[in-house]
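First comes the structure, then the notes that go with it.
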Amino acid sequence: PDPPVAEFTADTLSVTTGGNVNFTDQSTNSPTSWSWSFEGGTPATSTAQNPTVTYNSVGTFNVTLTATNAAGNDSETKIDYITVTAPQPPVANFSASSTAIYEGQNVTFTDTSTNSPTSWSWSFEGGSPATSTAQNPTVTYSSAGTYDVSLTATNAAGSDGETKVDYITVSVQPISYCTSSGTNQNYEWIAGVAVADLNNPSGASPYTDYTSLTANLTAGASASVSLTPGFASSSYTEYWKIWIDYNGNGDFADAGEEVFSGSGSSTINSSFTVASGASGLTRMRVSMSYSTYPPYCGTF
């Protein structure tokens, strides 16, 4: 057999004091024993094939391996192979899973600080929790607004802070309403809707979104209604309903939210009384159906 040719590698060549280095024997010709010498390391020597060594002092250190088999031995020394530095204070930094969310949603923050912090102190303006010592906390934002986030990262060498101003933007959650649609508008359709100061003509369609238009109503006051059907030829009795989502919860099912119902084969002129506690911007739905009153959701 041939004597070994000694060789080795390390999983890192630079550590801070107290850090570990894992050495891997890569000698050829099948050595059967190993003798290591670690300048500045603990342990200073080893007979393991792949030892782990701790460096507690600042400096640049040699490593020597002697590999042996029945045919002889060989040594390899790597000069100034391992560099050990003193720990540095962290440089605080972080990222967020999202910086623009809706009310009630969560944001997960990820610590990206350098120099291996060992503790973290977070401050979340407008968030819940308002503070955290977790490395990567998750925070809930319940109110619309724009909020700062701060992190102080600390290790044995010191600490550093980072504040990101107006980092998280929280918007009001948009309301999603159920769909409503007619199956046939070849014979009749909604040709015009007037509610208070809103007066909107329209053509044949299973559904049209006019939420870009606004009817201005006064709480507790009477609002006028004028509903006009359109016909391809003969006129028919049409059944109308109007709903207003007074509480803004995304449906028309609550008491008092069906504000008008009526029927006729021509324009209907009437009125309804606006809820006394109504305020804010919300959704109104107007539906017309042949032969029976329409539902506020679904296809009819």
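The values are calculated or read from the model by the stated rules, or taken from the named source; none is laboratory data. Bear in mind the structure is a predicted one, so any value in this text is a computation, not a measurement. With ideal geometry, Cβ positions are generated from the backbone for all residues, glycine too; neighbour counts draw on all protein chains shown. SASA here: full protein model, heavy atoms, side chains in, ligands and nucleic acids out. Shrake-Rupley method; radii C 1.70, N 1.55, O 1.52, S 1.80 Å.
Here are a few things to note about the model shown:
- Yes/no for S176 being assigned to a loop (DSSP other than H, G, I, E, B), closer than 30 Å to S95 by Cβ, under 37 Å from the mean Cα position of the chain (by Cα) and polar (S, T, N, Q): yes
- Within segment 13-32, being over 41 Å from the mean Cα position of the chain (by Cα) and either open to solvent by 50 Å² or more (accessible area, probe 1.4 Å) or among the acidic types (D, E) (or both) holds for T24, D25, Q26, T28, N29, S30, T32.
- Test: T85 is of a type outside the set (G, A, S), under 30 Å from Y147 (Cβ atoms) and in contact (Cβ under 8 Å) with a residue 40 or more places away in the chain: no
- Here C178 clears all of (1) closer than 18 Å to M284 by Cβ; (2) in contact with a Gly (Cβ under 6 Å, 6 or more places away or on another chain); (3) hydrophobic (A, V, I, L, M, F, W, C) except the condition numbered (2).
- Complete set of residues in segment 11-40 that are of a type outside the set (D, E, K, R) and under 26 Å from P89 (Cβ atoms): T12, L13, S14, V15, T16, T17, G18, G19, N20, V21, G40
- Subset of segment 50-103 that is assigned to a strand (DSSP E or B) and of a type in the set (D, E) - its residue that is farthest from S33 (Cα to Cα): D80
- Pick from segment 73-94, criterion small (G, A, S) and surrounded by 13 or more Cβ atoms within 10 Å (Cβ to Cβ), ranking: nearest to S143 (Cα to Cα): A92
- Tally of residues being open to solvent by less than 30 Å² (accessible area, probe 1.4 Å), assigned to a loop (DSSP other than H, G, I, E, B) and farther than 15 Å from A219 by Cβ across segment 269-296: 1
- A Cβ distance below 6 Å, combined with a sequence gap of six or more or placement on separate chains, defines the contacts here; from segment 210-234, residues that are farther than 23 Å from Q185 by Cβ reach residues that are part of a strand (DSSP E or B) and open to solvent by 70 Å² or more (accessible area, probe 1.4 Å) in the pairs S222/T273.
- Condition check for N106: on the phi < 0 side of the Ramachandran plot, in a loop (DSSP other than H, G, I, E, B) and under 15 Å from the mean Cα position of the chain (by Cα): no
- Segment 33-48: number of residues that are assigned to a loop (DSSP other than H, G, I, E, B) and either among the hydroxyl-bearing types (S, T, Y) or open to solvent by less than 80 Å² (accessible area, probe 1.4 Å) (or both): 5
- If you go through segment 95-129 and keep only what is in contact with a Pro (Cβ under 6 Å, 6 or more places away or on another chain) and open to solvent by 60 Å² or more (accessible area, probe 1.4 Å), you end up with just N115.
- Within this structure, G220 passes the test of being open to solvent by 40 Å² or more (accessible area, probe 1.4 Å), part of a loop (DSSP other than H, G, I, E, B) and either under 21 Å from S270 (Cα atoms) or among the hydrophobic types (A, V, I, L, M, F, W, C) (or both).
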